[in-house]
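Quick note: the coordinates plus some simple rules give every number you see, no bench work behind them. All of these numbers come straight from a predicted model, not from anything done at the bench. Cβ sites come from the backbone with ideal geometry, for glycine too, and all protein chains shown count toward neighbours.
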Ligand code: ES4
Ligand code: ZN
């Protein structure tokens, strides 16, 4: 049996975590009080009670309104630095973190408040040995024009943002809808990834668009490719990373998707384990490794391969990669 100590001490990269998804009930209540925001709950128990969902839509309906408590640059800083301390304790050495500017812009929070708060936390995390970077996401249930406008607004922050992602509700929002803003992002030198949620209608078609037309460098989730040998071969040929999130998949689909992860590992696919929205799905990255290892009786070699894959498919420099591989 793989011990928790083994998991904690294994150096890991986290490639799929939404900063807004690290908002624990305790910090949510503290910021609600400070900023005089009525979130409809006043105790930790009430907030925890609201964390019930059975699909992506019902989760997002809890998730987005909760962000209202984030108002100042210091609030965004505190959210990120709190997550980074937790990640360090879990053995994370390198992290690429998603954030959703449009969810803040629509409620009147300027982009610089969000980016400067999050970026300062990345700078300060170097003091406790975490190399932290930001991936700005487009919300796929908003328009392509809104995404293009965000990309334009982000120009002054270009050197603080490593990559561009795509998240939120995938149903009826295929990758091709965002062909224009993604091609503009590539031209500006951003790294590119996007969500391909598990058990999504049209999942395979969406993955084909992401790979063949958008030219993504990673897929977030994406473990559905096991259904299609041509896709597995394609992903292997270009050494594309898949960022799986077992506890998130379990919350939303009732399944850790461990069978898929093991099959992909056996095929040589660079799949990694990540936390997605740790405050909402019951655990941080080491909890995800632990749950997967326990349920599927993973061998230490498989755990090590998952962690190796996380560094291999990260966007750190080759020189830094050499430290971990
Ligand atoms: C998300 Cl679980 C999930 N799916 C899509 N978008 C998201 N943003 C944050 N969590
Ligand atoms: Zn995600």
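Each label was represented as a point 7 Å from its Cα along the Cα-to-Cβ direction; for residue 26 and residue 141 these points are 3.0 nm apart.
Calculate the length of the line joining the C-alpha centroid of the range 158-222 to that of the range 117-144, in whole Å. Rounded to whole Å, the Cα centres lie 17 Å apart. Once both labels are positioned 7 Å from their Cα atoms along Cα-to-Cβ, the gap between residue 318 and residue 213 label points is 3.3 nm. How large is log10 of I(q)/I(0) for the range 39-162 at q = 0.12, 0.15 Å⁻¹ when the intensity is taken from the Debye formula with one equal scatterer per alpha-carbon? The Debye formula, applied to the Cα set alone, gives -0.52, -0.80.
Placing a pseudo-label 7 Å from each Cα along the Cα-to-Cβ vector at residue 37 and residue 179 gives an inter-label distance of 3.7 nm. In units of the rule-of-thumb radius 2.2 N^0.38 Å, the chain shows an alpha carbon radius of gyration of 0.93. Kindly provide log₁₀ I(q)/I(0) values, in the same order as q = 0.23 Å⁻¹, from the Debye equation applied to equal alpha-carbon scatterers of the range 109-204. The computed values of log10 I(q)/I(0) come out as -1.18. What shape does the range 154-208 take by its C-alpha gyration tensor, where a ≥ b ≥ c are the square roots of the eigenvalues and a/c under 1.5 counts as rounded, a/b above b/c as prolate, and the rest as oblate? It comes out prolate by the Cα gyration axes. The sum of -39500 (n - 2.57) across all DSSP H runs of n ≥ 4, divided by the residue count of the chain, sets its helix-only mean residue ellipticity at 222 nm to -14000 deg cm²/dmol.
Note on residue 44/residue 202: beta-carbon distance plugged into 1/(1 + (r/R0)^6) with R0 of 41 Å gives a FRET efficiency of 0.60.
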